[in-house]
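See below for the structure under consideration.
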Amino acid sequence: MANKTVTRIGVLTSGGDAPGMNAAIRAVVRSAKYYNLEVYGIFRGYEGLIQNDIKKLENRDVAYILERGGTFLKSARSQEFRTSEGRKTAYENLKSHGIDALVVIGGDGSLTGAHLFYKEFGIPSIGLPGTIDNDLSGTDSTIGFDTACNTAIEAIDKIRDTASSHDRLFFVEVMGRDAGFIAVNAGIGSGAAATLIPERKMPVESLIERLKSRAKAKKQSNIVIVAEGGKSGGALEISKKVKKFLPTYDIRVTILGHLQRGGSPTSFDRLLASKLGVAAVEGLIHGKEDVMAGVINNKIVYTPIKRAIVDDKEVDEDDFRVAKILSQ
Ligand code: ATP
C-alpha cells in the first residue's frame with residue numbers, strides 16, 4: 001500500500017461503452033468532492049489522455065447523467081497507448097495537470113493498460129469493471145451487464161411473439177465474443193430452446209435432437225440463443241448448418257448487436273456503479289493502488305488488477321444446468 005497522499009484524481013472511461021458508466025463517473029466526482037479532492041475528467045479514454053483532452057469536473061458537471069446510457073466522457077480504443085511513447089506522453093499530461101491518481105472504468109483491456117501504466121509510472125490507479133460482458137474476476141457482476149441482459153431479454157420477448165405466430169425457428173445472436181454470460185442469462189430469462197456459448201461446444205446433432213424433441217412436445221416457438229463468439233460459429237453460421245438437417249423449418253436469424261450496449265441503466269447497474277465509484281475514491285484515499293474494486297456477495301472487494309484480468313471467470317455451472325433443464 002502506498003503512503004502517497006492523493007489530492008487530484010483523474011477519471012476516464014475506456015474500451016466498449018456500458019450502461020452505468022455515467023453513474024460510476026458521477027459517483028467518483030461526487031465522492032471526491034465529498035472528501036475535498038479535486039477531480040479531472042479525461043475525455044475519450046487513453047486517447048484523450050495522450051491528446052491532453054482533460055477538464056476539471058465539478059458536481060454540477062455530473063448532474064442528470066445517472067440515468068443516461070453511454071458515457072459523457074466518451075470512450076475510445078487507443079493504439080497509441082499500447083506503445084511506451086504513447087504512455088509516456090500520457091504520463092506527462094497527467095503530471096502537467098497535477099493529477100496524482102487515476103480511476104479507469106472499462107473492460108479487461110482497459111484495466112490491462114492501467115496495470116501497465118502503474119508499473120511504469122507508479123501513479124496509483126483503481127480500476128472499475130465497466131463492460132457488458134461480465135468477464136472480469138473480482139466482481140460478481142460488471143457495470144452494464146445487468147442492463148445488457150435486460151435489453152436482450154426484452155428484445156427476445158418481442159421476437160417470440162412473431163416466432164410463435166408463424167411457427168418459426170429463430171436464432172438470436174447476443175454479444176459475448178469470449179464469454180457466454182449474457183447468452184446464458186438471456187437463455188434462462190427468455191425460455192430459450194438452447195443456448196450456445198463460446199465456453200462449450202454443442203454439436204449440431206445435439207441441437208437438432210433438442211429441436212426434434214421439442215417439436216414432438218408440440219412447443220409453440222423455438223428460440224436458440226447464440227453468443228457471438230460461440231465455438232460452433234455465430235447465429236448465421238449455425239442456422240445454415242441446422243437448415244441442412246431441418247429443410248422444412250422456417251428459420252430466421254436476428255443479431256441484436258449494439259442495441260445491447262445502449263439504454264438507461266437498470267437500478268442494479270446504477271447501484272453497483274454508484275457503490276464502486278465511491279469505493280474507488282475511498283480506496284485511493286486509503287492507499288490502495290493497482291487494484292480493481294468489485295462487489296462480491298454484496299461486499300466491496302479490492303482485487304489486484306493483475307488477478308482481475310486473468311481470463312478465468314466462468315459461466316456458473318449451475319446456471320448452465322438450469323438453462324438446460326428448462327429448455328426441454
Ligand atoms: P470491452 O470489454 O468492452 O471490449 P476493453 O477495456 O476490454 O472493453 P479494449 O479495446 O480491449 O477494451 O481495451 C481498451 C483500450 O485499453 C485499448 O484501446 C488500449 O488503449 C488499452 N489497452 C488494452 N490492452 C492494452 C495493453 N496490453 N497495453 C496497453 N494498453 C492496452
- Task: Would you check which residues across the stretch 80-107 are more than 9 Å from the ligand (Cβ to nearest atom), without any contact (Cβ under 8 Å) to a residue 60 or more places away in the chain and small (Gly, Ala, Ser) and list them?
- Result: Ser84, Ala90, Ser96
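Being of a type in the set (A, V, I, L, M) and over 30 Å from Gly262 (Cβ atoms) narrows it down to one of Ala217, Ala179, so name that one. Before you say what the answer is, go through the steps one by one.
Values: Ala179 fails: over 30 Å from Gly262 (Cβ atoms).
Going through Ala217, Ala179 in turn, just one is of a type in the set (A, V, I, L, M) and over 30 Å from Gly262 (Cβ atoms): Ala217.
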- Task: Assess whether Glu289 counts as being surrounded by 14 or more Cβ atoms within 10 Å (Cβ to Cβ) and touching a strand residue (DSSP E or B) at 6+ places or on another chain (Cβ under 7 Å).
- Result: yes
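For residues that are touching a strand residue (DSSP E or B) at 6+ places or on another chain (Cβ under 7 Å) and of a type in the set (Ser, Thr, Tyr), scanning just the stretch 63-79, find the one that is farthest from the ligand (Cβ to nearest atom). Working first, answer last.
Here is the first cut: in the stretch 63-79, the residues touching a strand residue (DSSP E or B) at 6+ places or on another chain (Cβ under 7 Å) are 71, 73, 75.
Pick out the ones that are also of a type in the set (Ser, Thr, Tyr) and you get 71, 75.
Values: Thr71: 11, Ser75: 8 Å.
If we take residues in the stretch 63-79 being touching a strand residue (DSSP E or B) at 6+ places or on another chain (Cβ under 7 Å) and of a type in the set (Ser, Thr, Tyr), then Thr71 is farthest from the ligand (Cβ to nearest atom).
Residue under question is Phe145, and the condition is that it be among the hydrophobic types (A, V, I, L, M, F, W, C) and within 11 Å of the ligand (Cβ to nearest atom); does it hold?
Yes; evaluated as a whole, the condition is true for this residue.
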- Consider Val39 carefully, then state whether it is touching a strand residue (DSSP E or B) at 6+ places or on another chain (Cβ under 6 Å) and closer than 25 Å to Asn134 by Cα. no
- Which one of the conditions (1) hydroxyl-bearing (Ser, Thr, Tyr); (2) within 25 Å of Met292 (Cβ to Cβ); (3) modelled with pLDDT under 95 does Ser164 fail to meet, given that it meets all the rest? (2)
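How about the stretch 108-127: which of its residues are within 11 Å of the ligand (Cβ to nearest atom) and farther than 12 Å from Val310 by Cα? Break it down into steps so the answer makes sense when it comes.
Residues of the stretch 108-127 that are within 11 Å of the ligand (Cβ to nearest atom), as a first pass: 108-117, 119-120, 127.
If the condition is that a residue be within 11 Å of the ligand (Cβ to nearest atom) and farther than 12 Å from Val310 by Cα, then Ser110, Gly113, Ala114, His115, Leu116, Phe117, Lys119, Glu120, Gly127 are the ones that fit.
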- Specify the residue that is most open to solvent (accessible area, probe 1.4 Å); the eligible residues are those in the stretch 29-48 that are within 11 Å of the ligand (Cβ to nearest atom), assigned to a helix (DSSP H, G or I) and closer than 22 Å to Leu276 by Cα. Tyr46
- Name every residue in the stretch 115-129 that is buried (at least 24 other Cβ atoms within 10 Å of the Cβ) and in contact with an Asp or Glu (Cβ under 8 Å, 6 or more places away or on another chain), in order of residue number. Ser125, Ile126
- Task: Please indicate, with yes or no, whether at least one residue in the stretch 303-311 is without any contact (Cβ under 8 Å) to a residue 24 or more places away in the chain and on the phi < 0 side of the Ramachandran plot.
- Result: yes
- Note on the structure: Residue count, the stretch 161-189, condition crowded, with 19+ Cβ neighbours inside 10 Å and assigned to a helix (DSSP H, G or I), comes to 9
- For Ile65, work out the one condition from (1) over 19 Å from Leu111 (Cβ atoms); (2) assigned to a helix (DSSP H, G or I) it doesn't fulfil. (2)
- If you go through the stretch 117-133 one residue at a time, how many are in a loop (DSSP other than H, G, I, E, B) and farther than 29 Å from Gln260 by Cα? 3
- Can you pull out the residues in the stretch 294-309 that are of a type outside the set (Lys, Arg) and either assigned by TED's automatic domain parsing to the domain that holds Ala192 or touching a helix residue (DSSP H, G or I) at 6+ places or on another chain (Cβ under 8 Å) (or both)? Gly294, Val295, Ile300, Tyr302, Ile305, Ala308, Ile309
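The values are calculated or read from the model by the stated rules, or taken from the named source; none is laboratory data. Given the structure is predicted, the values throughout are model-derived calculations rather than measurements. Cβ coordinates were reconstructed from backbone atoms using ideal geometry, including for glycine residues, and neighbour counts include every protein chain displayed. Keep in mind that these areas ignore ligands, DNA and RNA; they rest on the heavy atoms of the full protein, side chains included. Shrake-Rupley method; radii C 1.70, N 1.55, O 1.52, S 1.80 Å.
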